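Chemist: What follows is a single structure, and I will ask about it in a moment.
Computed from the coordinates by the stated procedures, all read-outs in this text should not be read as laboratory data. All of these numbers come straight from a predicted model, not from anything done at the bench. Neighbour counts are summed over all protein chains in view; Cβ atoms, including those assigned to glycine, are modelled from backbone coordinates with ideal geometry.
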Amino acid sequence: MSALRLGSVAPDFEAKTTQGPIKFHEFIDNSWAILFSHPADKTPVCTTELGEVAKLSDEWKKRGVKVIGLSCNDLDLHEEWIKDINELSNTNLQFPIIADPDRKVAHLYDMLDEQDLTNIDEKGIPFTVRSVFIIDPNKKIRLTLQYPASTGRQFTEVLRCIDSLQLGDKNRITTPVNWTPGSKVIVHPSVSNEEAEKIFGEGNVEYAKPYLRFTTLKNGS
Ligand code: BEZ
């Protein structure tokens, strides 16, 4: 297995999902995508997470992001569990969930748990951790997160990461600690002061240090 480095192409695969068989690259098409795993169906933290991801459907849409989940359970359990998620989170889960009982995709994306001895199936085979892969329309992996089974994710952080990546693709900027959309951004280190004044507007570059220059984007974008 080669390393899934940021900037490398997300490995393609075929899989069964709750919305029919997919080829992953065809599924991504020309969109952004998040592929995320959770340990297992009908487990407590996972149930709260998937309800939240479903409830954020307008937010994914707004950003042009296709969402796909994965666990190492089979389709029949996924189907049963989606009913529980919808009931408990008062939602209508619309994204596909990959059924990966043989761990084919989990191995490919290095998602299997090696530390939590409770995160295993009835045969003692590890389930997945909570991985997130943010993939761009060129099918490149742009950001990854990995949380243990014990810790539910904050999916608004995933949205914030997508906002930062998309903004950085459009503008020669980076985003500082705790950045939120609309707040100050940082002029990319590759941009000279002269270029910065041209790009962002004269007087719209704040020189905190020669290497730390803040600016504000018009309409925040
Ligand atoms: C959970 O989703 O609650 C969970 C799943 C596996 C191990 C620990 C917690």
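Chemist: Which of 150, 37, 131 has the fewest other C-beta atoms within 10 Å, and how do the rest follow up to the most?
Modeler: Taking fewest neighbouring Cβ atoms as first place, the list is 150, 131, 37.
Chemist: Pop out the ³J(HN,Hα) list for the stretch 177-188 in order, Karplus 6.51 cos²θ - 1.76 cosθ + 1.60 with θ = phi - 60°, rounded to Hz; leave Gly and Pro as x.
Modeler: Result, rounded to whole Hz: 3, 6, 4, 10, x, x, 8, 4, 10, 10, 5, 4.
Chemist: Give a residue-ordered list of calculated ³J(HN,Hα) values for the stretch 17-26 (Karplus: 6.51 cos²θ - 1.76 cosθ + 1.60, θ = phi - 60°; whole Hz; x for Gly, Pro).
Modeler: Result, rounded to whole Hz: 9, 5, 10, x, x, 10, 9, 4, 5, 5.
Chemist: Which semi-axes, in whole Å and largest first, does the equivalent ellipsoid of the stretch 121-221 have when worked out from the alpha carbon gyration tensor as the square roots of 5 times its eigenvalues? It would help to have the intermediate numbers written out before the result.
Modeler: Values: eigenvalues 266, 35, 26 Å².
Largest first, the stretch 121-221 gives 36, 13, 11 Å.
Chemist: Just to confirm the filter: which GluC sites (Glu not before Pro) across the stretch 87-127 are DSSP coil and have at most 12 other Cβ within 10 angstrom of their Cβ?
Modeler: Here the GluC sites (Glu not before Pro) that fit, given the DSSP loop and packing criteria, are 114, 122.
Chemist: Related question: Identify the trypsin sites (Lys or Arg not before Pro) of the stretch 1-46 meeting these criteria: DSSP loop state and at most 15 other C-beta atoms within 10 Å of the C-beta.
Modeler: The qualifying sites are 5, 42.
Chemist: The stretch 155-221: which GluC sites (Glu not before Pro) are DSSP loop and have at most 16 other beta-carbon atoms within 10 angstrom?
Modeler: For GluC sites (Glu not before Pro) across the stretch 155-221 that sit outside H, G, I, E and B with at most 16 neighbouring Cβ atoms in 10 Å, the list reads 202.
Chemist: For 55, 218, which order do you get if you count the other beta carbons within 10 Å of each Cβ and list the fewest first?
Modeler: 218, 55
Chemist: Straight-line reach only, C-alpha to C-alpha below 21 angstrom: list the lysines that residue 170 could link to, leaving out same-chain residues fewer than 8 apart.
Modeler: Filter leaves 61, 62, 66, 139, 140, 184, 198, 218.
Chemist: Over the stretch 1-158, what portion of Cα pair distances is larger than 23 Å, expressed as a whole percent?
Modeler: In whole percent, the share of Cα-Cα pairs in the stretch 1-158 beyond 23 Å is 31.
Chemist: Taking Cα centroids, how far is the stretch 131-174 from the stretch 1-68 in Å?
Modeler: Comparing the Cα centres of the stretch 131-174 and the stretch 1-68, I get a distance of 12 Å.
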